[in-house]
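Following: one structure in structure tokens, then a few remarks.
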Amino acid sequence: MSLALEAVSKRFGATPALYDIDLAAGEGEFLALLGPSGSGKTTLLRLIAGLESAEAGRVLIGGADMAGVPARARGVGFVFQHYALFRHMTVAENIAFGLRVRPRARRPGRADIRARVAELLSLVQMPELAGRYPDQLSGGQRQRVALARALAIEPRILLLDEPFGALDPEVRRGLRRWLRELHDRTGLTTVMVTHDRAEALEVADRVAILRAGRVEQVGTPAGLWAAPANAFVYRFIGDSVELPCTVQGGIARFGSASLPEAPCALPDGGAFALLRPHEIGIAAGGEARVRAVAAAGPAVRVEVQAGEFVVEALLPPGAVPPSVGSACRLDLGAARFFPLR
Amino acid sequence: MTARPHPVPVLAVLAALAALTFLVLLPLAALFAEVLDQGIGRALAAFNDPESRAAIRLTALVAAISVPVNTIGGLAAAWCIARFHFAGRGMLLTFIELPLSVSPVISGLVWVLLFGAQGWFAPVLERLGVQVIFATPGLVLATLFVTFPFVVRQLVPLMVAQGREEEEAALTLGAGGWRMFWHVTLPNVRWALLQGVLLLNARAMGEFGAVSVVSGRIRGQTLTMPLQIEALYNDFQAPAAFAMAGLLALLALVTLGARAMLEWQTRRAVDAQVTPA
Amino acid sequence: MKGSFVRPNPLPGFGPAFGLTLTWVSLIVLIPLAALVVRPWSLGIAGVLASLGSPRVLAALELSFGASLGAAAINVPLGLLVAWVLVRGRFPGRQLADALVDLPFALPTAVAGIALTTLYAPNGWIGRLFAPFGVELAYAVPGIMVALVFAGLPYVVRTVQPVLMDLPADVEEAAATLGARPPQILVRVVLPAILPALLTGFAMAFARAVGEYGSVIFIAGNMPGLTEIAPLLIVIRLEQFDYSGAAVLALAMLALSFTMLAAVNLVQQLLARRGG
């Protein structure tokens, strides 16, 4: 089912948490909310679930305004960051909870509940753990139980709050792939909150980048990578090198003889250039000097001293690394310029 | 457990044990020695006395009223304090804990000031023909005051530590308020709640100062077990007093034993929450 | 009222639960205490002062607060010792000793009273050791102190114990590697860490001792002006139907106790600030 937020604002006491958020996820879409901690992404997720109330704006699920609809009637599957499994219930009881608390008229029979639990347990690949208690499970297993529990109520949309936040990196990668496959199979509209860019860019169809309660940009992972709307987005979605410069007459100068001038479309004034390390070219001969070379790993990392700046560049695999101390020249042709504010 | 850097000197252990022996163990031993000296048979016979039986019945009645009232009130208060942020939350908690720092005698006195012969409500009570002070209602009120904070003090720290995510999860899964309370909130605090109820009951049955002020010491009518002990003791019926004291001491020991077990359960529940497997 | 008074929260039941709580607190605690605060002034200021100024009242207050301070002061090193031994010691029966500490919490005061009296009376197991030297324990101030130390001990032990348990061993080890000797470690590393807990324990033991009634009246002898504690005097005034006189004394006791507790609180805040 589709999801839409229209001009949603929220404050905690005197501190605003979300400003005027407009955001939509189409039927079956996987949307990630990516942002640093404190950017309001979890609050946004809780607003959708009905666990927080907005001061202004509308939340629409399947086109219906959710104003006045309590959390328990929204039909939203919510997976909490720390799973929030019921500690005194077994895995099977946890998963069955949402079915057992339905009003009698809509409550499935015992056998149906049992069948549904078994089905979900096999979906999350842990049928043998039905009788375990949450404290007898690993973090990854708890995560999957929480997901199965949320799916049991056949939610209209699925909300995931930092679903992999508490897991170690190895487990995270596996679960990430699994979650995407699960999404493709169920076709559920899914919103996931994360502060991990790799996670968001790898799993989601579209990513909304939040900062300090505002949406900075929404786009597909490829779109964001190709055309970041501002410096924050550029920095947040990948490693970057930052160089301050001055723009005059369409030319950016870096105030150092060892950095080449570059054309720049910004008006005259202070600015800075952002580059991905792998977009920086290094050629022999010039005013800059190679400070250090780390050749282990898939790419060669080269540290260049250019005037007062230390620039880190990544050379493509197979490139012959320059020798430490040799003179070199930097190619900044791929730089994007942003005005100083 | 890491190895402790400095083992405790034997002398310190002995000193601590001596202190516990002289302060706690020996008095208890002396008490039970007095009971055993007179012979179990005679000690049990003391409970055949109609006055003693009336005291036991009265104590049970007072506890049977105070325990549920303060348990339900305590649950409601813990729900508000541990799950909501509201103006005056800290003040409410202070008020609830106030009886802990008030002398038992004062806890009884306040009821005399309200309902006693010269109390605020004396004229009303007289018109209604209801007696509160020097009667069972006064004993119940004094006990309610004294045992007021027990459940809240057990529940609030645990509920705060557990957080409210599980309850929120229950809501998103479609549970209504009561279902959430019965299936999630209550099971999560059951051991701590039981512990609070046990302490509340022990205090309700063992309270002396507060009830002595409102009792009026009418034999066979307003003497609870602790008051009966005092009456017997002052009457030079020491053996009967010791017999009843022995019974209350047993209650205290059983309470402590049960509490130790429950504490272990609660700690397990909190650990399971805090440490990921 | 809900909008601004309580922070919005999806959890249900605040309204009814808060209503119930407020009713419960008001009926059982607030209204009765209000009666206590209001009642004394029916005597007028002069009457209150006269009622407080009598030598018997002053003696009772002096005994109650003096003995309670003394007992709390004894409880601090004693409780620290017991807590330390329970946390760090390894000896058979440690768990039993740990359980014993709670007994004064759970034992009805009247039972504690006659048990302690039996033990410390001139013909009791311990009292008899002192009787030949003309030292009276029961029916005298030392007996009162014993009862108050008994009542207050668990408060100090149970506040210090968790802090000692949380005190990481590596801090002491670090101090040792830096060349500190055991007494220096105790004074410079351990004591500052547990000082706030010790103060809390002191305050709780003191508050409990001031109000203690049941165990004391059995062992005290209750001689007016000598071994008559303030709570007993309240009871005596009530028995004479001097409600206002009883309320004056009760209010004075509460005021003195809360002043003491506030002072301890202040010291703790100063300590916390110094500790950063």
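The values are calculated or read from the model by the stated rules, or taken from the named source; none is laboratory data. Note that the structure is predicted; figures quoted are calculated from it, not measured. Every residue, glycine among them, receives a Cβ derived from its backbone with ideal geometry; neighbour counts consider all protein chains shown.
Residues that are within 8 Å of another protein chain (Cβ to nearest Cβ) and within 17 Å of the chain's Cα centre (by Cα) were ranked within region B:78-99; the one that is surrounded by the fewest Cβ atoms within 10 Å (Cβ to Cβ) is B:Leu98. Kindly indicate whether any position in region B:49-59 is buried (at least 19 other Cβ atoms within 10 Å of the Cβ), within 9 Å of chain C (Cβ to nearest Cβ) and under 28 Å from C:Gly152 (Cβ atoms). Among the residues of region B:49-59, not one is buried (at least 19 other Cβ atoms within 10 Å of the Cβ), within 9 Å of chain C (Cβ to nearest Cβ) and under 28 Å from C:Gly152 (Cβ atoms), which makes the answer no. Of the helices (runs of 4 or more DSSP H) that lie entirely inside region C:5-65, those containing 3 or more residues that are more than 23 Å from B:Val140 (Cα to Cα) and either among the charged types (D, E, K, R) or touching a residue at least 24 places away in the same chain (Cβ under 8 Å) (or both) span C:44-53. Selection of region A:66-88 for residues being surrounded by 19 or more Cβ atoms within 10 Å (Cβ to Cβ), within 8 Å of chain B (Cβ to nearest Cβ) and among the aliphatic types (A, V, I, L, M) yields A:Ala71, A:Val76, A:Ala84, A:Leu85.
Scanning region C:107-121 for residues that are facing chain B (nearest Cβ under 7 Å), more than 14 Å from B:Leu251 (Cβ to Cβ) and either hydroxyl-bearing (Ser, Thr, Tyr) or in contact with a strand residue (DSSP E or B) (Cβ under 9 Å, 6 or more places away or on another chain) (or both) returns a single hit, C:Thr118. Applying the set (1) surrounded by 21 or more Cβ atoms within 10 Å (Cβ to Cβ); (2) in contact (Cβ under 8 Å) with a residue 60 or more places away in the chain; (3) within 7 Å of another protein chain (Cβ to nearest Cβ) to C:Arg88 leaves exactly one unmet item: (1).
Consider C:Ala83 carefully, then state whether it is surrounded by 14 or more Cβ atoms within 10 Å (Cβ to Cβ) and touching a residue at least 40 places away in the same chain (Cβ under 8 Å).
Numbers: surrounded by 14 or more Cβ atoms within 10 Å (Cβ to Cβ): yes; touching a residue at least 40 places away in the same chain (Cβ under 8 Å): yes.
Here the answer is yes, as C:Ala83 does meet what is asked.
A single member of A:Glu287, A:Glu312 is in a strand (DSSP E or B), among the acidic types (Asp, Glu) and at pLDDT below 90, and it is A:Glu287.
Restricting attention to region B:20-48, the residues that are crowded, with 20+ Cβ neighbours inside 10 Å and within 12 Å of chain C (Cβ to nearest Cβ) total 10. Do the conditions hold for B:Ala87, that is, is it modelled with pLDDT of 95 or more and farther than 21 Å from B:Ala202 by Cβ? Answer is no for this residue.
Going through B:Phe115, B:Phe145 one at a time, which residue ends up being in contact with a Phe, Trp or Tyr (Cβ under 8 Å, 6 or more places away or on another chain), under 24 Å from C:Ala106 (Cα atoms) and within 12 Å of chain C (Cβ to nearest Cβ)? That would be B:Phe145, the only listed residue that is in contact with a Phe, Trp or Tyr (Cβ under 8 Å, 6 or more places away or on another chain), under 24 Å from C:Ala106 (Cα atoms) and within 12 Å of chain C (Cβ to nearest Cβ).
Of all residues in region A:305-322, how many are under 22 Å from A:Phe254 (Cα atoms), in contact with a strand residue (DSSP E or B) (Cβ under 7 Å, 6 or more places away or on another chain) and surrounded by 14 or more Cβ atoms within 10 Å (Cβ to Cβ)? If you could, list the steps in order and put the result at the bottom.
So the first thing to find is which residues in region A:305-322 are under 22 Å from A:Phe254 (Cα atoms), and the list is A:305-314.
Those left that are additionally in contact with a strand residue (DSSP E or B) (Cβ under 7 Å, 6 or more places away or on another chain): A:305-306, A:309-314.
Retained after the next criterion (residues that are surrounded by 14 or more Cβ atoms within 10 Å (Cβ to Cβ)): A:305-306, A:309, A:311-314.
Adding up the residues that qualify gives 7.
Just one of the numbered conditions (1) in contact with a Gly (Cβ under 8 Å, 6 or more places away or on another chain); (2) away from every other protein chain (no Cβ under 12 Å); (3) surrounded by fewer than 17 Cβ atoms within 10 Å (Cβ to Cβ) is not true of B:Ala122: (2). On the stretch given as region C:7-39, residues that are facing chain B (nearest Cβ under 7 Å) and either within 30 Å of B:Glu166 (Cβ to Cβ) or hydroxyl-bearing (Ser, Thr, Tyr) (or both) total 13. If you check B:Leu173, B:Leu186, B:Leu194, B:Leu158 for being of a type in the set (A, V, I, L, M, F, W, C), touching a Gly at 6+ places or on another chain (Cβ under 9 Å) and more than 12 Å from chain C (Cβ to nearest Cβ), only one passes: B:Leu173.
Right, C:Val216: crowded, with 24+ Cβ neighbours inside 10 Å, over 27 Å from B:Ala260 (Cα atoms) and more than 7 Å from chain B (Cβ to nearest Cβ) or not? Yes.
Taking the conditions exactly as written (assigned to a strand (DSSP E or B), at pLDDT 90 or above and either out of contact with any His (no Cβ under 9 Å at 6 or more places or on another chain) or not polar (S, T, N, Q) (or both)), does A:Leu274 satisfy them or not?
Yes, satisfied.
Put simply, of A:Leu31, A:Leu47, A:Leu51, A:Leu23 the only residue that is without any contact (Cβ under 8 Å) to a residue 60 or more places away in the chain, under 23 Å from A:Val203 (Cα atoms) and surrounded by 14 or more Cβ atoms within 10 Å (Cβ to Cβ) is A:Leu47.
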